[in-house]
1. Taking the dipole about the Cα centre of the chain, with the C-beta of Lys and Arg at +1 and of Asp and Glu at -1, give me whichever of Val252, Tyr96, Ser12 is farthest to the positive side.
2. Give me the dipole magnitude in Debye, nearest 20, for the stretch 47-271 about the Cα centre, with unit charges on the beta carbon: positive for Lys and Arg, negative for Asp and Glu.
3. Using the alpha-carbon atoms, what tilt in degrees (0 to 90, nearest 10) does helix 279-289 show relative to the longest principal axis of the chain?
4. Which of Leu169, Leu85, Leu327 moves the most in a Gaussian network model of the chain with Cα springs under 10 Å?
5. Just want to confirm a number: the relative contact order over the stretch 45-178, from Cα pairs under 8 angstrom separated by 6+ residues, in percent.
6. If I fit a long axis through the Cα atoms of helix 22-43 and take the longest principal axis of the Cα atoms of the chain, what angle between them do I get, 0 to 90°, rounded to 10?
7. How much length is gained if the chain between Ala260 and Glu305 is pulled fully straight, taking 0.36 nm per residue apart and subtracting their Cα-Cα distance, in nm to one decimal?
8. Based on DSSP, what percent of beta bridges with both residues in the chain are antiparallel, to the nearest 5?
Amino acid sequence: MDHKPWTPMPFSSDKPYSECTREEILWYLRTDLEGEHRHSIHFYMHTYTPSVRDINRLPEMSISDFLDTCNKSVPVYIPPFDQRLLLSQVLHNYIYRRWFRPYRSEIEHQRFICKFITPQHLPSAGSPSQSTVDSLVSLNRAICAEVEARRLTYEETFAAGDEIAAYKLARVKNHRLHILQPLFKALLIIVCFESYRNEDSKTVGRLPVFLVRTGVEDGLSAPVSFKAIADKIDGYAGEARSAIRTTLETAVDFVMDLEAREATVFGLQPNPADSSIPEGVAGFWKAVRGDEPLVGPSSKFVDIEKYPSWAGNGESYESWVMPQHELRAFHREAARVAGEFY
């Protein structure tokens with residue numbers, strides 16, 4: 001796997017912050033946020049493992065998984081199997097690369113195209129049967145209900161004025177800016193893991209997946225229809241036509257088109273312009289620029305005519321950090337197959 005070195009900064013890194021221009025400081029802030037976003041999305045990709053046996057009584061969702069479920073467009077279900085850790089890393093790199101636009105993607109409040117979920121105790125292994133699809137649709141509804149239950153708990157806790165309880169929930173004090181997206185309730189992706197043949201993130205786009213309409217379309221501008229990709233459907237799960245088999249590439253592009261459709265009608269929710277500047281960013285800005293106003297979102301920070309080449313922390317994650325994670329995942333998988341401890 002070949003990797004290019006990360007792109008050099010567009011100005012001297014030896015320059016003290018106090019001597020940097022406004023545009024240079026904004027560039028620093030945006031690229032740091034890009035790196036933090038990539039790290040966060042990657043870090044939480046293995047954390048949520050609900051069981052279909054608990055559909056009627058899901059365990060309380062952690063704050064981390066609440067935050068990582070909100071502001072995502074679609075769940076991606078990756079059933080447990082021997083190569084799951086490798087495939088998850090490969091999928092992360094492929095999907096992030098396809099979705100992200102340097103300097104311009106809206107990334108506040110962990111916004112991203114998808115959340116990985118590892119469902120436990122599915123009724124059957126292999127290519128999804130109708131019973132597997134039905135189980136995951138039911139699980140998805142239960143997850144969405146749990147997200148809203150957590151939100152209600154947070155609202156009640158903050159409204160009660162209990163300072164100790166509120167302190168414990170400090171990470172979700174802006175919970176109103178973490179929204180369960182209507183698309184997340186309406187559509188899901190199931191990875192056909194049995195078809196995975198150790199493709200890397202450059203070639204995994206051809207991996208088969210199932211796109212599934214859940215039937216829950218409240219809050220959408222229009223129903224979800226597969227007509228636009230009818231020529232790219234190569235199968236169905238069961239007799240119903242609500243679960244289609246296609247490629248990962250087609251599925252990701254389909255979801256991005258739906259994201260764009262919904263944003264055109266309703267705008268992004270939450271509105272990036274309403275997002276508060278993160279405390280760390282605001283503190284750094286004040287230390288360097290004093291009382292000069294800083295207005296978000298960070299997608300407006302960088303003048304791409306002045307800085308046309310992508311560089312900084314986000315770019316170094318893409319060109320170096322994540323390829324290294326992927327390389328190590330392949331090494332671990334090779335060691336597992338060889339029966340070695342890694």
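1. Of the listed residues, the answer is Val252.
2. Values: 27 positive and 27 negative charges, 79 e Å.
Here the stretch 47-271 has a charge dipole of around 380 debye.
3. Rounded to the nearest ten degrees, it is 20.
4. Top of the fluctuation ranking is Leu169.
5. Values: 127 pairs, mean separation 51.3, N = 134.
Relative CO of the stretch 45-178 lands at 38 percent.
6. 30 degrees
7. Separation in residues times 0.36 nm, less the Cα-Cα distance, equals 13.8 nm.
8. 60 percent
Just so you know, all these numbers are worked out from the coordinates, no wet-lab data involved. This structure is a prediction, so every number in the text was calculated from the model and none was measured. So basically every Cβ, Gly included, is an ideal-geometry build from the backbone, and we count neighbours across all protein chains shown.
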